[in-house]
Amino acid sequence: MEENVIVLVRHATAQNYGAQGDVSRELTSGGHKQAESLGHLLSQVIPQGVEALYVSHATRAQQTADEIEKSLPCLRRFEDGAIYEFSVESLREILHACPYRSLMIVGHEPAISGFAACLLSEEYPQRYMIDGGVPTGTAIVLRTDENFANVASGSCELVELINSPLK
């Protein structure tokens, strides 16, 4: 059985306010560097990149994905407003509908860490660190032998937990 890769990313550090409210918040200059660094770190873990990149429509998530793509190949990119809803169930629906073998979701807390913790077996001590929330500029790389349509709670293994510090 071939393994499938799931990458869950919390957007990089953003400004406190946006001209059109929360959805329009842009990355700070340090956030741009943080996201670019995260892309470089991810390319070392998954040099083949990902087949599908799903991104929240929020400006900070779009900008984070732009910076990551400078270093990490992403074959297809989709914008999905449901990622902005901060719902674990929305992320699960995206995963289950994904026809590819590798995907990345760039989104927001608390859904990113909550979904990752849900996918990990309770045997992973890191699960409890992730479930409490992850800082901006964090990627959680998981793998599973399951087809994405069949991924259930506890069916993934943690490959890497990457945090790119703010620069």
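Coordinate-derived values only; no laboratory data. Keep in mind that this is a model prediction, so the values were computed, not measured. Here the Cβ positions follow ideal geometry from the backbone for every residue, glycine too, while neighbour counts run over all protein chains shown.
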(request) Report, in debye and to the nearest 20, how large the dipole of region 10-167 comes out about its Cα centre when Lys and Arg carry +1 and Asp and Glu carry -1 on their Cβ. (result) 420
(request) Take every Cα pair under 8 Å in the chain that's 6+ residues apart, average their separations, divide by the length, and report that relative contact order as a whole percent. (result) 32
(message) I need the calculated FRET efficiency for the pair S24 and Y124, taking r as the beta carbon distance and R₀ as 30 Å, to the nearest 0.05.
(response) 0.25
(request) Treating each Cα of the chain as an identical point scatterer and ignoring solvent, apply the Debye formula and state log10 I(q)/I(0) at q = 0.16 Å⁻¹. (result) -0.83
(request) Filter the GluC sites (Glu not before Pro) in region 1-36 to those in DSSP coil with at most 11 other Cβ atoms within 10 Å of their Cβ, and list the result. (result) E2
(request) Could you order peptides 145-151, 111-117 by the average number of other Cβ atoms within 10 Å of their residues, highest first? (result) 111-117, 145-151
(message) Can you give the local net charge around E51? Use residues other than it whose beta-carbon is closer than 11 angstrom to its beta-carbon, Lys and Arg +1, Asp and Glu -1.
(response) +3
(request) Could you tell me which GluC sites (Glu not before Pro) in region 88-130 are loop residues by DSSP with no more than 11 other beta carbons within 10 angstrom of their beta carbon? (result) E122, E123
(message) Around P135, under 10 Å between beta carbons, what's the net of Lys plus Arg minus Asp minus Glu among the other residues?
(response) 0
